[in-house]
């Protein structure tokens, strides 16, 4: 299972685009990259998943370079309600989430 | 379609008692995962079950912890003789397939051992 590394915390003003980068240097060939969001006292919620290049849904975009050793979650025009912890996972479900990135959106 | 249900949401036990945590997966989901989260930490995988089978329990402590997912009824995570270090949030997740794009998480059970 690939180990992931991401910043512990980030601050952003409302309305800005936020990019959170995750490194996964030893990602396996068949591993997908998945991002989850977790609010206090709630279970994680799936945001987006990708294998390579770019994936976009109604919530976020995920950019994965050709070597797949890193990925970047992009949240367009964040609002206060996007304040949460964001987890990057490389592998399948039986993984341990890291400590994630605590995003604080500032008014 | 109701989401993943967990109960109780909060559970207080004295040291030495047993804790039983229940998880009802989403309708149609036959794969269940249990995770534990300590304060200010990420979720740690404990066990993966399918109906009537434990597939992977590599994250479960060797003693006092057990899990089941019977043919009928919810999945149960059981902790015997609880200790203060068992205090944590326990999350259950389900998916329709073993290899699925996403897991659907329940709201968690917060266990406090006094």
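The values are calculated or read from the model by the stated rules, or taken from the named source; none is laboratory data. Predicted model only: the values in this text are computed from it and were never measured. Reconstructed Cβ throughout: ideal geometry from the backbone, glycine too, with neighbour counts over all protein chains shown.
Selection of the range A:22-52 for residues being more than 15 Å from the chain's Cα centre (by Cα) and either assigned to a strand (DSSP E or B) or at pLDDT 95 or above (or both) yields an empty set. Taking residue A:12, is it away from every other protein chain (no Cβ under 13 Å), surrounded by 17 or more Cβ atoms within 10 Å (Cβ to Cβ), part of a strand (DSSP E or B) and touching a strand residue (DSSP E or B) at 6+ places or on another chain (Cβ under 7 Å)? Criteria met by residue A:12. From the list B:94, B:87, B:75, the lone residue that is closer than 23 Å to residue A:85 by Cβ, out of contact with any helix residue (DSSP H, G or I) (no Cβ under 8 Å at 6 or more places or on another chain) and more than 12 Å from chain A (Cβ to nearest Cβ) is B:87. For residues in the range B:29-57 being more than 8 Å from every other protein chain (Cβ to nearest Cβ) and assigned to a loop (DSSP other than H, G, I, E, B), which is modelled with the lowest pLDDT? By that ranking, first place goes to B:39. Flag: residue A:19 does not match the condition of being loosely packed, with under 15 Cβ neighbours inside 10 Å, without any contact (Cβ under 8 Å) to a residue 60 or more places away in the chain and over 15 Å from the mean Cα position of the chain (by Cα).
May I ask you to verify whether residue B:66 is within 13 Å of residue B:93 (Cα to Cα) and more than 14 Å from chain A (Cβ to nearest Cβ)? Steps first, please.
Working: within 13 Å of residue B:93 (Cα to Cα): no; more than 14 Å from chain A (Cβ to nearest Cβ): yes.
So residue B:66 does not fit the description; no.
Out of B:42, B:73, one residue alone is surrounded by fewer than 22 Cβ atoms within 10 Å (Cβ to Cβ) and over 23 Å from residue A:39 (Cβ atoms). It is B:73. When residue B:103 is tested against (1) within 15 Å of the chain's Cα centre (by Cα); (2) away from chain A (no Cβ under 14 Å); (3) in contact (Cβ under 8 Å) with a residue 24 or more places away in the chain, just one condition goes unmet, and that condition is (2).
For residue B:90, are the conditions met, namely being modelled with pLDDT under 95 and surrounded by 12 or more Cβ atoms within 10 Å (Cβ to Cβ)? Show your work before the answer.
Working: modelled with pLDDT under 95: no; surrounded by 12 or more Cβ atoms within 10 Å (Cβ to Cβ): yes.
No.
Quick check on my filter: what residues within the range A:90-107 are within 14 Å of the chain's Cα centre (by Cα), at negative phi and at pLDDT below 90?
Filtering the range A:90-107 for residues within 14 Å of the chain's Cα centre (by Cα) gives A:90-91, A:97-103.
The next check asks that each one be at negative phi; those that pass are A:90, A:97-99, A:101-103.
Within the range A:90-107, A:90, A:97, A:98, A:99 meet the criteria.
Residues of the range A:55-62 include none that is under 30 Å from residue B:10 (Cβ atoms), in a loop (DSSP other than H, G, I, E, B) and modelled with pLDDT of 95 or more.
Kindly indicate whether residue B:8 is at pLDDT 95 or above and either surrounded by 13 or more Cβ atoms within 10 Å (Cβ to Cβ) or closer than 18 Å to residue A:96 by Cβ (or both). So residue B:8 passes the test. Scanning the range A:51-91 for residues that are within 14 Å of chain B (Cβ to nearest Cβ), surrounded by fewer than 18 Cβ atoms within 10 Å (Cβ to Cβ) and touching a residue at least 12 places away in the same chain (Cβ under 8 Å) turns up A:51, A:59.
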